[in-house]
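Engineer: I have a structure I would like to understand better, so I am pasting it below and will then ask my questions one at a time.
The values are calculated or read from the model by the stated rules, or taken from the named source; none is laboratory data. What you are looking at is a predicted structure, and each value in this text was computed from that prediction instead of being measured. Positions of Cβ are backbone-derived with ideal geometry, glycine not excepted, and every protein chain shown enters the neighbour counts. Accessible surface is based on the protein model in full, side chains and every heavy atom, while ligands, DNA and RNA are left aside. Shrake-Rupley method; radii C 1.70, N 1.55, O 1.52, S 1.80 Å.
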Amino acid sequence: MTAIREGALEFQFVSSCQASKYDDWSHYRNQFQPMAGGCKAVDFICVEGDVCWLIEVKDHRRHARTKAIEIADEIAIKVRDSLAGLASAAKNANEAQERKLARKAIVNKRWRVVLHLEQYPRPHRLWPAPIDTAKLLQKLKTKIKAVDAHPIICDRNSCNGRVPWSVR
């Protein structure tokens, strides 16, 4: 079982997965990210069987979202840039492990996009009303339907059984 930490969350991937913190890859940081004025990246990639999971993590339990860009637009940009970065890494990554995983991610039959979104459970003066995940999911579907027509938005309590990992 592979465990990867993102902030206060620990993702535990099942043994059949090859998972990696994509935004920490040497190829992304040193070769791809500076290209064309800057590229974005999802937090993790996970290859399981013939599926490549692109996973973005947002934890708004302690800090409300302050970015001006809509979250669906941000995710769509990260997915687009990550797919381009994986294609680049499959051919040009200096580290063999990154190159090998990128190749597996690119040749898979299917890409799945997951937004792992943790929110403060109840409105509070410091944490305003939570993001409406139903509306966000509809926006996300329209933005990334060419990659994944059925993206997933989940949290620690709702991911189990839908994805090949658990979160603590």
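Engineer: How many of the residues making up region 131-148 are at pLDDT below 95 and surrounded by 15 or more Cβ atoms within 10 Å (Cβ to Cβ)?
Structural biologist: Matching residues across region 131-148 total 2.
Engineer: Collect the residues in region 19-58 that are among the aromatic types (Phe, Trp, Tyr) and part of a helix (DSSP H, G or I), keeping them in residue-number order.
Structural biologist: Taking region 19-58 as the starting set, the residues that turn out to be among the aromatic types (Phe, Trp, Tyr) are 22, 25, 28, 32, 44, 53.
Listed by number, the residues that qualify are Tyr22, Tyr28, Phe32.
Engineer: For region 11-36, give me each residue that is surrounded by fewer than 17 Cβ atoms within 10 Å (Cβ to Cβ) and more than 21 Å from Ala93 (Cβ to Cβ).
Structural biologist: Matches in region 11-36: Gln12, Val14, Ser15, Ser16.
Engineer: Inspect all residues belonging to region 64-71 and state whether any of them is of a type in the set (A, V, I, L, M), touching a residue at least 40 places away in the same chain (Cβ under 8 Å) and touching a Lys or Arg at 6+ places or on another chain (Cβ under 9 Å). Talk me through it step by step, then tell me what you get.
Structural biologist: Step one: list which residues in region 64-71 are of a type in the set (A, V, I, L, M), which gives 64, 68-69, 71.
Next, from what is left, pick out any that are touching a residue at least 40 places away in the same chain (Cβ under 8 Å): 64, 71.
Now narrow it down to the ones that are touching a Lys or Arg at 6+ places or on another chain (Cβ under 9 Å): 71.
Scanning region 64-71 turns up at least one residue that is of a type in the set (A, V, I, L, M), touching a residue at least 40 places away in the same chain (Cβ under 8 Å) and touching a Lys or Arg at 6+ places or on another chain (Cβ under 9 Å).
Engineer: Could you grab me the full set of residues in region 82-100 that are crowded, with 16+ Cβ neighbours inside 10 Å and under 22 Å from Pro151 (Cα atoms)?
Structural biologist: Listed by number, the residues that qualify are Ser82, Leu83, Gly85, Leu86.
Engineer: Let me ask you something else. Take the conditions basic (Lys, Arg), open to solvent by less than 90 Å² (accessible area, probe 1.4 Å) and free of Cβ contacts under 8 Å to residues at least 40 places away in the same chain and apply them to Lys104. Does it pass? Even if it seems obvious, please write down each step before you answer.
Structural biologist: Working: basic (Lys, Arg): yes; open to solvent by less than 90 Å² (accessible area, probe 1.4 Å): yes; free of Cβ contacts under 8 Å to residues at least 40 places away in the same chain: no.
Answer is no for this residue.
Engineer: Separate question: Against the conditions (1) open to solvent by 20 Å² or more (accessible area, probe 1.4 Å); (2) within 18 Å of Asp43 (Cα to Cα); (3) modelled with pLDDT under 95, where does Gly161 fall short? Just the number, please.
Structural biologist: Going through the list (1) open to solvent by 20 Å² or more (accessible area, probe 1.4 Å); (2) within 18 Å of Asp43 (Cα to Cα); (3) modelled with pLDDT under 95, Gly161 breaks only (2).
Engineer: With the condition kept exactly as written, say whether any residue in region 107-126 is closer than 18 Å to Gly7 by Cα, open to solvent by 40 Å² or more (accessible area, probe 1.4 Å) and free of Cβ contacts under 8 Å to residues at least 60 places away in the same chain.
Structural biologist: Of the residues in region 107-126, the ones closer than 18 Å to Gly7 by Cα are 114-120.
From the residues that got through so far, the ones that are open to solvent by 40 Å² or more (accessible area, probe 1.4 Å) too are 119-120.
With free of Cβ contacts under 8 Å to residues at least 60 places away in the same chain added as a condition, the list becomes 119.
Yes, because at least one residue in region 107-126 is closer than 18 Å to Gly7 by Cα, open to solvent by 40 Å² or more (accessible area, probe 1.4 Å) and free of Cβ contacts under 8 Å to residues at least 60 places away in the same chain.
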